[in-house]
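Below you'll find the structure, written out as structure tokens, and then a few comments.
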Amino acid sequence: MSDYPVPALYIDGIWLDAASGGSRPVINPASGDALAALPLAGASELDRAAQAAQRSFEVWKQTPAQARWECITRATRLLRERADAIARVMTLEQGKPLAESRREVLLSADIIDFLAEEGKRAYGRLVPPRAPAVLAQAVTRVPVGPAALFTPWNFPINLPARKVGAALAAGCSAILKPAEETPGSAIALVRAFHDAGLPPGVLNLVCGDPAQVSTHLIAHPAIRKVSFTGSIPVGKQLGALCAGGVKRYTAELGGHAPVLVLGDADAAQTAKLSVAAKYRNAGQVCASPTRFFVHRALFQPFVAAFVAGARALRVGDGLTPETEMGPLIHARRLAQMEALVADALACGATLACGGQRLPGPGFFFAPTVLTDVPDTARVLREEPFGPIAIINAYDDHDDALARANALPYGLAAYLFTRDLALAHTLAARIEAGMVGVNHFGVSQPETPFGGVKESGYGSESGAEGLAAYLDTKLTSFASP
Ligand code: NAD
């Protein structure tokens, strides 16, 4: 028996362990065993959540930013106190190593704290009037309204934290729909707010059939803002639904991050950093480095160091202390990895290591490296979202840059070189929302996270993260 908690929905301040949409199992991806039954919301619960969010919005938006900050930071204190227990829940339902889960909980508290601070700085401005009779033209920033927030399973508390933290700090109420695969971490987040005394209805949590929930909530007149993190096809569908009601929309979608390793880079050190970044969370990261373009002079030593690092990774149950890479989230993703590898090999790529699922229970796939992958291979165009690295040699960095920019994705990109002037020029030409030069750390509470092209629009975290939940309002005062 695991110590996974009984999942519940949370609507208008009340926990519900049964709902009209039935239930589905939550699976431990390290074993394939069911952890618990998750209640699923039907239309009646979704309407109740929307009504609660609408009613409580009137209360929360009037609450002074300082009082909102006090409540939100009481919740983040609880998150930190509970980090060990929440990390265990996350590893059970998502599979990532326990230390990664714990870091994610603590980082989520930092993200929310940063946004809560920013909530006190949602400044407006006074614009000098043209006519003498006009006393003041005040530009203020006001909360958009109740928000529907959709998050995936790869970062089960970090992604909800970015959205919930920003919405609540801005004065919006919210309905969170976390991934049905990983509800326990999101429930722990919401429980911290409940225990911190957040007024009923300001934050609600529902799970259900994802398409039904999003269609129902986005069409609901109470909902004024939608934020989604997930795949590009779903992001486009939700964007179209938002357009129907002219609802504000933030979309953080997939990526297929290129990495340019220039001829003057340190091959061994770059490979070491790259292995750690590539296989973090089993590669199920939207900003995961995937398409490595390595200068031909470094290609052999880079591949050798990368493959040695990938082979040395300890793959296993995230609860085992030695584990460095856990399972994939579900069996569908294993089949996806196998299909991408088979297609690449059929196109003429070389398999340098991995390439197959691992024996035993659970959804484990070996850390995989493909080299000399032709442009015709699907894996060079489709985001693998798993533990597959593609390493190709290049001769001319203009050509490498063109290949890096050739896809519709534009989330993260990375480049490694000692030549910072060249790095500056290349970084300016890379089509990506975030560029890491000589490191992979592009996701911090203080900095905006978001993509260009089909990787989405809008940013989360940083000051921009709060702005996504604020409208601009002009009030112009004239003498009576
Ligand atoms: P998926 O598209 O079925 O699901 C991704 C997430 O979107 C899940 O949390 C799911 O519940 C949600 N979702 C699906 N349909 C929805 C709908 N109509 N309305 C609202 N939410 C919906 O894919 P999957 O097999 O679970 O994941 C694989 C793909 O998802 C990856 O290839 C990757 O591109 C994408 N993904 C991206 C991120 C990211 O951080 N950008 C995170 C997870 C998954």
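Going residue by residue through the range 124-145, is there one that turns out to be surrounded by 22 or more Cβ atoms within 10 Å (Cβ to Cβ), in contact with a Pro (Cβ under 8 Å, 6 or more places away or on another chain) and either in the same structural domain as Thr229 (by TED's automatic domain parsing) or under 19 Å from Ala65 (Cβ atoms) (or both)?
Looking through the range 124-145, none of the residues is surrounded by 22 or more Cβ atoms within 10 Å (Cβ to Cβ), in contact with a Pro (Cβ under 8 Å, 6 or more places away or on another chain) and either in the same structural domain as Thr229 (by TED's automatic domain parsing) or under 19 Å from Ala65 (Cβ atoms) (or both).
Need pairs with beta-carbon distance below 6 Å; first residue modelled with pLDDT under 95 and within the range 463-480, second of a type in the set (A, V, I, L, M); sequence gap 6+ or separate chains.
Close Cβ pairs (under 6 Å, with a partner that is of a type in the set (A, V, I, L, M)) amount to Ser479/Ala133.
Would you pick out the residues in the range 10-22 that are aromatic (Phe, Trp, Tyr) and open to solvent by 20 Å² or more (accessible area, probe 1.4 Å)?
Trp15
Tell me whether the range 237-249 contains one or more residues that are crowded, with 19+ Cβ neighbours inside 10 Å, at pLDDT 95 or above, farther than 14 Å from Cys172 by Cβ and more than 13 Å from the ligand (Cβ to nearest atom).
No, the range 237-249 contains no residue that is crowded, with 19+ Cβ neighbours inside 10 Å, at pLDDT 95 or above, farther than 14 Å from Cys172 by Cβ and more than 13 Å from the ligand (Cβ to nearest atom).
From the list Pro39, Pro25, Pro7, Pro29, which one is surrounded by fewer than 17 Cβ atoms within 10 Å (Cβ to Cβ) and in contact with a Leu (Cβ under 9 Å, 6 or more places away or on another chain)?
Criteria check complete, one pass: Pro25.
Pairs please, first residue from the range 249-270 and assigned by TED's automatic domain parsing to the domain that holds Val373 and under 13 Å from Arg296 (Cβ atoms), second anywhere and open to solvent by 10 Å² or more (accessible area, probe 1.4 Å) and small (Gly, Ala, Ser), Cβ atoms under 6 Å, 6+ apart in sequence or on different chains.
Once the first residue is assigned by TED's automatic domain parsing to the domain that holds Val373 and under 13 Å from Arg296 (Cβ atoms) and sits in the range 249-270, its partners that are open to solvent by 10 Å² or more (accessible area, probe 1.4 Å) and small (Gly, Ala, Ser) give Gly263/Ala297.
Output yes when any residue across the range 341-358 is within 16 Å of the ligand (Cβ to nearest atom), within 24 Å of the chain's Cα centre (by Cα) and among the hydrophobic types (A, V, I, L, M, F, W, C), and no when none is.
For the range 341-358, residues within 16 Å of the ligand (Cβ to nearest atom), within 24 Å of the chain's Cα centre (by Cα) and among the hydrophobic types (A, V, I, L, M, F, W, C): absent.
Is it the case, given these coordinates, that Ser227 is out of contact with any Asp or Glu (no Cβ under 6 Å at 6 or more places or on another chain), among the small types (Gly, Ala, Ser) and either without any contact (Cβ under 8 Å) to a residue 60 or more places away in the chain or within 16 Å of the ligand (Cβ to nearest atom) (or both)?
Yes, satisfied.
Can you tell me how many residues in the range 421-472 are away from the ligand (no atom under 14 Å from the Cβ), in contact with a strand residue (DSSP E or B) (Cβ under 7 Å, 6 or more places away or on another chain) and in the same structural domain as Phe57 (by TED's automatic domain parsing)?
Total satisfying the criteria: 5.
Matching residues to (1) among the polar types (S, T, N, Q); (2) surrounded by 24 or more Cβ atoms within 10 Å (Cβ to Cβ); (3) at pLDDT 95 or above; (4) more than 14 Å from the ligand (Cβ to nearest atom):
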{"position": "Pro160", "(1), (2), (3), (4)": "no, yes, yes, no"}
{"position": "Ala169", "(1), (2), (3), (4)": "no, yes, yes, yes"}
{"position": "Ala174", "(1), (2), (3), (4)": "no, yes, yes, yes"}
{"position": "Lys177", "(1), (2), (3), (4)": "no, yes, yes, no"}
{"position": "His194", "(1), (2), (3), (4)": "no, no, yes, yes"}
{"position": "Gly201", "(1), (2), (3), (4)": "no, yes, yes, yes"}
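Out of the range 208-224, which residues are within 9 Å of the ligand (Cβ to nearest atom) and part of a loop (DSSP other than H, G, I, E, B)?
Result: Asp209, single match.
Name the single residue that is nearest to the ligand (Cβ to nearest atom) among those in the range 250-266 being in a loop (DSSP other than H, G, I, E, B) and closer than 28 Å to Leu422 by Cα.
Only one residue tops the list, namely Gly254.
The values are calculated or read from the model by the stated rules, or taken from the named source; none is laboratory data. Note that this is a predicted model, so its numbers are computed, not measured. Cβ sites come from the backbone with ideal geometry, for glycine too, and all protein chains shown count toward neighbours. Accessible surface areas use protein heavy atoms only, side chains included; no ligands, DNA or RNA. Shrake-Rupley method; radii C 1.70, N 1.55, O 1.52, S 1.80 Å.
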